[in-house]
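K.L.:
The structure under discussion is supplied below as structure tokens; questions concerning it will follow.
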Amino acid sequence: MPSILLHLLPNILAAILYAALGYHFWRTRWSETDKPLVTQPMLPWERSAIGIAILVHGGGIYFNLFADGAMRFSFGLALSLMLWLAVLIYWLESFHAKMDGLQPMVLPLAAACALIPVLFPNVRAVAHADSWGFRLHFMAAMLAYSLFTLSALHAVFMSYAERKLHQRALTKSLASLPPLLTMEALLFRMIVIAFVLLTVALITGSVYSEEIFGKPLSFDHKTLFAFISWGIFAALLVGRHAWGWRGQTAVRWTMAGFMVLLLAYIGSRFVLEVVLGRA
């Protein structure tokens with residue numbers, strides 16, 4: 001079997017599992033039926049199936065990142081890794097809260113992102129991957145991106161749930177979601193953790209810039225977007241603490257900060273690898 005196919009098999013299998021599970025959760029939690037609106041807890045086999053998909057996807061990511069003893073990266077791997085971490089964190093959270101109603105949105109996105117490295121296979125070798133400062137910077141950044149991704153998804157669902165509640169439209173999808181206050185508390189808990197991780201990523205990127213990249217920190221568009229995003233989330237957390245920001249205000253600030261952060265790395269790599277065809 002060709003080596004390239006071995007690289008792609010875990011991604012393809014993970015995408016199939018995510019898509020099948022996403023359809024299952026949509027059919028059982030969201031699809032409207034004539035039956036009464038009864039909340040169905042996540043079954044053990046469902047949680048196990050998601051865990052298997054996470055393991056398969058994680059194995060594929062690791063194989064693509066560290067194949068041949070070197071570290072490689074791309075915008076496709078970044079998206080795939082972000083959604084893998086998001087699904088993992090969400091899966092762990094499901095042991096403590098009723099989160100199965102969010103699966104019809106999260107799993108299809110994970111399926112699409114698992115396939116992106118297959119569709120856009122361009123990768124580049126990462127220099128200084130053995131540097132302690134780089135590893136800390138990389139892990140903090142990826143964990144922060146993942147948590148902010150999940151925060152953005154939660155913000156979308158909060159907006160959906162709030163709109164349905166205002167319309168007094170009780171649907172199966174709404175009944176399967178956690179209470180709005182529970183979702184809001186989880187949103188800000190994730191944002192706080194992600195904000196701390198982003199702060200660590202920015203500090204390590206600044207302190208170790210010369211060691212990692214061979215030059216002092218320069219304010220290119222990627223760095224600028226990252227600091228702008230940090231400022232947006234800092235303002236959101238201050239607003240939450242000082243003025244009690246919540247609801248649609250929190251949703252708008254969350255989405256704004258996430259989109260700016262997404263542009264900080266994903267946008268630049270997409271332009272280089274897909275538009276310009278450079279790794």
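No value in this document is a laboratory result; all are computed from the given coordinates. The structure displayed is predicted, hence computed values, not measured ones. Note: ideal-geometry Cβ built from the backbone for every residue, glycine included; neighbour counts use all protein chains shown.
K.L.:
At 0.36 nm per residue, and after removing the present C-alpha to C-alpha distance, how many nm does the segment from Ala20 to Thr199 gain when stretched out fully?
P.N.:
60.8 nm
K.L.:
For the stretch 110-119, in order, what is each residue's ³J(HN,Hα) by Karplus, 6.51 cos²θ - 1.76 cosθ + 1.60 with θ = phi - 60°, in whole Hz (x at glycine and Pro)?
P.N.:
5, 4, 5, 6, 5, 8, 4, x, 6, 6
K.L.:
Around Phe195, under 13 Å between beta carbons, what's the net of Lys plus Arg minus Asp minus Glu among the other residues?
P.N.:
Net charge in that neighbourhood comes out at +2.
K.L.:
Using a Förster radius of 30 Å, what is the FRET efficiency between Ala112 and Ala234 based on their Cβ-Cβ separation? Nearest 0.05, please.
P.N.:
For Ala112 and Ala234, the calculated efficiency is 0.45.
K.L.:
Now a separate question. Report the extension gain between Asn122 and Leu92 in nm, rounded to one decimal, defined as 0.36 nm multiplied by the number of residues separating them, less their alpha carbon distance.
P.N.:
7.6 nm
K.L.:
While we're looking at this one, here's another question. Under 5 Å between amide hydrogens, which residues at least 5 positions from Arg246 or on another chain qualify, with H placed 1.01 Å from N in the peptide plane?
P.N.:
Those qualifying (amide H under 5 Å, at least 5 residues apart or on another chain) number zero.
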